[in-house]
Amino acid sequence: MSDNEFFDFRKIISLQVLKNSFGLFELLFYAMLGFFTPIILGHNQILTGAIVNTMLVLSAMYIKNYRIIPLALMPSLGVLAAGLMFGNLTIFLIYLIPFIWIGNFLIIYGMKYFYLNKHANYWKSSVISSIMKSAFIGLATFALVLANIVPAALLMPMSGLQLVTALIGCSIAFAVHKAR
């Protein structure tokens, strides 16, 4: 084996290490963004939701499958840790967290499935994935309201506002994706 072949091999290895390091950094960045955004921004659900949904959509595009799990979980854990987003209604978030996690997975895997795998139009994929997320969380909240587990005051933040912030997040993610 010549020196040139060995050099090329080291170059390939170092590029792979650099790529893996960037992937780990990106994963940690998204996880911290998802957890700390609700803590730092507090009561502003539109801004917080837009940032969190941007993170979820970007992670769908750039993070590999199983590594996405903590990213879907972190935002609601951040809200719960802060105890701020819904004021005195935050305690009821405990009942909604599993549904929020599933909703976050729905937007992530919706974007992966429609946009990345099926190569559907980005905006069509965004709308479908956002509706999947908000409808699931909204219907779960509605069922919990009917069962007198959570107050009706959570219906709007857990349905319509979820759709709005998901669509805003998809729009911001599109701009970041195109600039990248």
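Key figures
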item: Counted residues, region 109-125 - those being touching a residue at least 40 places away in the same chain (Cβ under 8 Å), within 26 Å of ILE97 (Cβ to Cβ) and over 13 Å from the mean Cα position of the chain (by Cα); result: 0
item: Qualifying residues in region 99-148 (those that are farther than 11 Å from SER159 by Cα and among the hydroxyl-bearing types (Ser, Thr, Tyr)) - the one surrounded by the most Cβ atoms within 10 Å (Cβ to Cβ); result: SER129
item: Candidates ILE128, ILE168 - the one that is farther than 17 Å from VAL79 by Cβ, in contact (Cβ under 8 Å) with a residue 60 or more places away in the chain and not basic (Lys, Arg); result: ILE168
item: Candidate set from region 124-142 (those that are of a type in the set (A, V, I, L, M, F, W, C) and touching a Ser or Thr at 6+ places or on another chain (Cβ under 9 Å)); member that is farthest from GLY169 (Cα to Cα); result: PHE142
item: Where a residue in region 36-52 is more than 16 Å from ALA72 (Cβ to Cβ) and its partner, wherever it lies, is surrounded by 22 or more Cβ atoms within 10 Å (Cβ to Cβ) and at pLDDT below 85, with Cβ under 9 Å and at least six apart; result: ILE39/VAL79; LEU41/MET85; GLY42/MET85; HIS43/MET85; ASN44/MET85; GLN45/MET85
item: Residues located in region 164-178, provided they are more than 10 Å from SER126 (Cβ to Cβ) and crowded, with 23+ Cβ neighbours inside 10 Å; result: THR165
item: Subset of region 109-121 (residues that are within 18 Å of VAL164 (Cβ to Cβ) and not hydrophobic (A, V, I, L, M, F, W, C)); result: GLY110
item: Matching residues, region 46-98, being more than 14 Å from the chain's Cα centre (by Cα), among the aromatic types (Phe, Trp, Tyr) and modelled with pLDDT under 80; result: PHE86
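The values are calculated or read from the model by the stated rules, or taken from the named source; none is laboratory data. Bear in mind the structure is a predicted one, so any value in this text is a computation, not a measurement. All Cβ positions, glycine included, derive from the backbone under ideal geometry; neighbour counts span all protein chains shown.
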